[in-house]
Ligand code: ADP
Ligand code: MG
C-alpha cells in the first residue's frame, strides 16, 4: 500500500505546539514517556498471551532497548511488546482518545512546571518526543500479524503525519527520534543512562543498552556487542521494604500517577494467609483535574502473580477512596480475570476491605503525628469532600471515618477545616450535651447566620458546614461518642441546662406577646408553618428554622438547583422579642401585614435563600422606610 498523509486531530496540533514551547526546560521527560509506553506494550503482550501463548512468537524475553547514533544524530527506543497495527498507529498516534480534552486545555496555566505535570497526567506522553526531535519515525508490527503487515508512521510534528505499510520481521515498536540541532548533548550513553536511572529505574522489565568502553589505542569510545541492563528491572513492590529508598518509592509513584508532586504518604506490605497479596498504596498531594468527572474511575493497578491485568480496577477500592493510587498484586486471582469477575469475586472483596483498612490507618497516622499535621490538612483540603462520601458508603468503618473528619468552626476563625470531633468534644461546656452545627452555602454565610447569635453569646462552639456534601453527610451522622449532633437551625432551641436561669423570665415575655404572635401567624399562613418567639437571637429580629426531621432550606435549594423535585416544607419563623423592631410592633399599626412579610423575607435572605417576589420585597421595604421617618 502506498504512503498516505493524514492530519492530526485539532487538539493534537494544539498540544504539540504547547508542549514544544512549554516543556523545553523539562525536556528529558521524553525518554521517561517513551519507556513508559514501551513498558505498557510489554504488559499488554503478557496479558494477551495468557490466552494465546503464540503471541510470543520466538521472542519471549521482553525488554526495552535504547540506542543512539552520533553520526546520524538519532535516538531509538525499541521494544518487543504488543506493537501496533496500521489502524492502531493512526488512531493512537493521531488523536487524543481521553475524554476531558477541553478541560485539560483550560487548566494550563502558562507556568512551565505546572503545565509539565498536567501534560504527564493527561497521558499524552508519546508526543513529548517532539520536544527534542524535529522528526519522529515509528515502525511497528502488532503481535500475531504477518511480517508484511508492519507499519511506518512519520511526522515532523506540524499538523500532519504519513503512514505506510512496511515489511517488519521484529514484533513490537521502534521509535526513532531525529534530534533538533541543539540537542547533541543527548547523544551520549552517560547522559541517557542517567536519565533512565533518574526516571525509569522502577520499570519492571530490563532496559538494555550496548556496553561502551574506552579504547586507549584508538583513543575513542567504542560500542561493544554486549548488553548492559541499566535499571533494577524488578517490580518495586516485590522487593523488600528495607531495600527501597524514598526516592525510589516516589519515582514509582510518578510513573504510576503521572503526577510530579511527591505523594503525601505511602504504605507497602505483603498480606499473608488465606488470601495473599501485596499492596503498595499512595496518597497523592493533590486531586487530579478529572476527579469530579462522572467518568473518573479511579482505582488501583491490578497484577496477578506479577502479570499486569488492568488499570483503574475500581473494584479494589471503595468509591470514597478513589483518589488513592497504587498497585495490588494478588497471588490467588485467576490470570484471566475480567472486570465482571472482579465485581463478584469474594477474594476481591477481601482485598478491598484490606486496602480500605490500610488506607484508613495511613490517614490516622498522618492525622495524629505532630509533624504530619500539615500533611493531613493538605490531604483534607484536597480530598476531604470525597472522603466524606464514606459515611454513606462504608458503614463498617463509620467510626474511623468520623474520627478523621475535619470541620471549620466558630473557634477556628478561618475557613480552613481543621477541627476534629475529638477537639470539639474536649472543648465542650461541662453542661453541654450536644454537638452543634450549622449548614450554609458559604463560609461567610455560615459565620453570619442569625442562628449562631445565642451560641456566640454563650460562648458555645458551633461547627460550620459549607461543602455541598455536608447536608447529605449529616443525614448519616447521628452522634459521636454518645453526643448527638444538633443543627442550630432545626427544631426548638434546646440548650438544656445551659439555659435554665433565663427560662422563667422568658415565659413571662411569651405571654405578653401572645396576641402579636397569633396575628403574625395569620398574616403569614401561606409562607410559614408557624411563628414563635425565640431567645436564640441577640442581634437579628427574626430567623427561619425547620422542624426536626424536615429538610433544611439549604438542602431544598440544592435539590432544586440540581433539577430535582424537593418537597415544599414551610419553615417556622422565629422572632426575637428583645429586638427593637419587634418591641415596637403592634397588631394595631396599619402596615402590620407589610411588617410581617418584611420580617419573614429578611430572615430568608439571611440564610442565603432567594425571594419568590423580590420586587415586592423592595416595594414593601421602601414603604416602611418612608412611613417610619
Ligand atoms: P498513554 O500512554 O497515556 O496512553 P501516550 O501518548 O503515551 O498516551 O501513548 C498513546 C498510545 O499510543 C498508547 O496508549 C498506545 O496505545 C500507543 N503506543 C505508544 N507507544 C507504544 C508502543 N511502544 N507500543 C505499542 N503502543 C504504543
Ligand atoms: Mg504513555
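Some values worked out for this structure:
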item	result
Cβ-derived FRET efficiency at R0 60 Å, residue 619 paired with residue 297, nearest 0.05	0.65
Order by protection proxy (mean Cβ within 10 Å, highest first), peptides 312-318, 579-585, 469-475	312-318, 469-475, 579-585
Sorted by Cβ density within 10 Å, fewest first, the residues 180, 168	180, 168
Fully extended contour minus Cα-Cα distance, from residue 578 to residue 365, at 0.36 nm per residue	71.7 nm
Three-way shape label, the range 4-229, alpha-carbon gyration tensor, a/c 1.5	oblate
Per-peptide average of other Cβ atoms within 10 Å, ordering 517-527, 202-212, 333-343 highest first	202-212, 517-527, 333-343
Shape category assigned to the range 417-488 from the gyration tensor of Cα positions, a/c cut at 1.5	oblate
Approximate spin-label separation residue 565-residue 422, in nm, with each point projected 7 Å along Cα-to-Cβ	4.6
Percentage relative contact order, the chain, counting C-alpha pairs under 8 Å, at least six apart	8
Paired Rg and Dmax values of the range 438-560, which use every Cα atom, in angstrom	15.6, 44
Rounded tilt (10° steps) of 500-512 against the dominant C-alpha axis of the chain	60
Residue 160 paired with residue 532, simple spin-label distance in nm, labels 7 Å along Cα-to-beta-carbon	8.0
Rg followed by Dmax, in Å, when the chain is reduced to its Cα trace	32.7, 116
Computed label-point distance, nm, for sites residue 341 and residue 241 using a 7 Å Cα→Cβ extension	3.1
Relative contact order of the range 4-229, defined on C-alpha pairs under 8 angstrom at six or more residues apart (%)	27
The range 301-344 shape via C-alpha gyration tensor axes, a/c threshold 1.5	oblate
Peptides ranked, highest mean first, by Cβ atoms within 10 Å: ranges 223-231, 154-162, 296-304	296-304, 154-162, 223-231
Sequence-separation-based contact order of the range 200-311, relative, with Cα cut under 8 Å and 6+ spacing, percent	18
Nearest-ten-degree value, helix 592-606 long axis tilted from longest Cα axis of the chain	30
CD proxy at 222 nm, helix term only [per DSSP H run n ≥ 4: -39500 (n - 2.57); per residue of the chain; nearest 500]	-10500 deg cm²/dmol
Cα-derived Rg to Rh of the range 247-388, Kirkwood definition	0.95
Cα-based helix-to-principal-axis angle, 614-627 vs the chain, degrees rounded to 10	40
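None of the figures in this text is laboratory data; all of them are computed from the coordinates on show. Owing to the predicted nature of the structure, the values given are computational and were not obtained by experimental measurement. In this analysis, Cβ positions are derived from the backbone assuming ideal geometry, glycine residues included, and neighbour counts consider all displayed protein chains.
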